[in-house]
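Working notes, structure below.
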């Protein structure tokens, strides 16, 4: 997975346009926190598909996006299901984590949470 600062320069405009499109489609305010599947993309002049790791508050998700260059702009389509090793929903639904934490804190003195690039 590439961190936002490691996304190749030639993919930057398409990635930002895809982020805006997803936010419009999902009525959300996601921020880009990573990209999957761009390692072997040397050019962005033809259609390609990548996974975008997005976070919005407590929820992080992976969206597979097919990006189709169209002159000076892009067209987008949601792509195939994400690979099983990186699920599409990277965080439990709102409230589930808090309920689990409350139960654990009732049993233990402290709980250590490890958060790494959108995965709990």
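Since every read-out is calculated from the coordinates, none of them should be taken as a lab result. Computed from a predicted structure; not experimentally measured. Using ideal geometry, Cβ is built from the backbone for each residue, glycine included, and neighbour counts are taken over all protein chains shown.
Of the peptides 12-25, 100-113, the order by per-residue mean of other Cβ atoms within 10 Å, starting with the highest, comes out as 12-25, 100-113.
Pull out the extension gain between residue 102 and residue 49, defined as 0.36 nm times the separation in residues minus the alpha carbon to alpha carbon distance; nm, one decimal.
On the way: separation 53, 0.36 × 53 = 19.08 nm, distance 3.99 nm.
Roughly 15.1 nm would be gained on extension.
Report the full-extension gain for the segment residue 27 to residue 110: residue separation times 0.36 nm, less the Cα-Cα distance, to one decimal in nm. Could the numbers behind the result be given before it?
Details: separation 83, 0.36 × 83 = 29.88 nm, distance 3.66 nm.
The span from residue 27 to residue 110 would gain 26.2 nm if fully extended.
Here the simple spin-label model places points 7 Å from the Cα toward Cβ, and for residue 70 and residue 16 these points are separated by 2.0 nm.
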